[in-house]
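A quick write-up on the structure given underneath.
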Amino acid sequence: MAKFLRTKGIAKHLEDIIIQAKDHLVLVTPYLKLSSSFFDRLIQADSRENINITIIFGKDDLQVQEWKKLERLRNLTVLYFPSLHAKCYFNEREMIIGSMNFYEYSENNNVEMAILLDAIQDKQVYEDGVEEVGALLKSDRLEVALVSNNHDTSDEPINGHCIRCNGEIPYDLGKPLCFNHYRTWANFGDYEYPEKYCHTCGGSTHGKTSMMYPQCSKCFKNSGMLQKI
């Protein structure tokens, strides 16, 4: 049955959601700043076999030290959604929907409220929340910020496409331009410069791919790097 939480209760149950996650952990928060205690819990969750951790954030102001912390995790995908204002945290058993960001300042200084949902007792509302997060994952506005190195790449194709001319090249998400166009790109080195094609499927992307994001949203979501929730 749904339970009302105040600030300290939110922090406690959020910690529980992180450390008790077995299969997947999803953290949706506009502001992302990791306290030592929350990061320790993330490390604990990340140590489990076959777990997938997804963080969706909305304010592009993460400091270098925050990224360095996140890069230590082996089973993590970090996604950026520019107009995100929702706060939702869940694993396969419980979900918190409320006002508190994944941000130490919110925990220590703000008056926060939230609802705790049980995946079985509050099945419909829990599934509605999961479905809404799933809609975010399908959005063309979603940007990939970080993918850990532990994801299985055994099913990746052998041949890829130059994201500028669509010519066939070896499949390598780190090298998605053909030699000639790479030399042109290297004169400027702009990783966010809009390109024309998807490295994986070769489809037209109308400027939505780049050296930083060489796949169309469909190929990225089909690549297995995002967990199924």
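The values are calculated or read from the model by the stated rules, or taken from the named source; none is laboratory data. Note that this is a predicted model, so its numbers are computed, not measured. Please note: Cβ atoms are built from the backbone with ideal geometry, for glycine as well, and neighbour counts cover all protein chains shown.
Numbers at a glance
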| read-out | value |
| --- | --- |
| Residue within the stretch 221-229 that is surrounded by 13 or more Cβ atoms within 10 Å (Cβ to Cβ), assigned to a loop (DSSP other than H, G, I, E, B) and modelled with pLDDT of 85 or more present | no |
| Cβ pairs under 6 Å, 6+ apart, first in the stretch 113-133 and of a type in the set (Gly, Ala, Ser), second in a helix (DSSP H, G or I) | ALA114/ILE10; ALA119/TYR126 |
| Any hit, the stretch 100-112, residues being among the aliphatic types (A, V, I, L, M), in contact with a Phe, Trp or Tyr (Cβ under 7 Å, 6 or more places away or on another chain) and either in a helix (DSSP H, G or I) or in contact (Cβ under 8 Å) with a residue 12 or more places away in the chain (or both) | no |
| Residue within the stretch 22-44 that is farther than 27 Å from ASP122 by Cα and touching a His at 6+ places or on another chain (Cβ under 9 Å) present | no |
| Members of the stretch 54-87 found to be touching a helix residue (DSSP H, G or I) at 6+ places or on another chain (Cβ under 7 Å), buried (at least 20 other Cβ atoms within 10 Å of the Cβ) and outside any loop (DSSP other than H, G, I, E, B), listed by number | ILE56, LEU76, VAL78 |
| For SER210: the one exception among (1) in the same structural domain as ASP60 (by TED's automatic domain parsing); (2) at pLDDT 85 or above | (1) |
| Search result, residues across the stretch 13-53 that are among the β-branched types (Val, Ile, Thr), surrounded by fewer than 21 Cβ atoms within 10 Å (Cβ to Cβ) and outside any helix (DSSP H, G or I) | ILE51 |
| Residue that is surrounded by the most Cβ atoms within 10 Å (Cβ to Cβ) [pool: residues in the stretch 113-158 that are of a type in the set (D, E, K, R), in a loop (DSSP other than H, G, I, E, B) and modelled with pLDDT under 95] | GLU156 |
| Scan of the stretch 185-205 for residues that are without any contact (Cβ under 8 Å) to a residue 40 or more places away in the chain and either surrounded by fewer than 12 Cβ atoms within 10 Å (Cβ to Cβ) or touching a helix residue (DSSP H, G or I) at 6+ places or on another chain (Cβ under 6 Å) (or both), ordered by number | ALA186, ASN187, PHE188, GLY189, ASP190, TYR191, GLU192, CYS198 |
| Every pair of residues 6+ apart whose Cβ atoms lie under 8 Å, when the first sits in the stretch 32-50 and is assigned by TED's automatic domain parsing to the domain that holds ALA11 and closer than 18 Å to ILE10 by Cβ while the second is among the basic types (Lys, Arg) and in a loop (DSSP other than H, G, I, E, B) | LEU32/LYS59 |
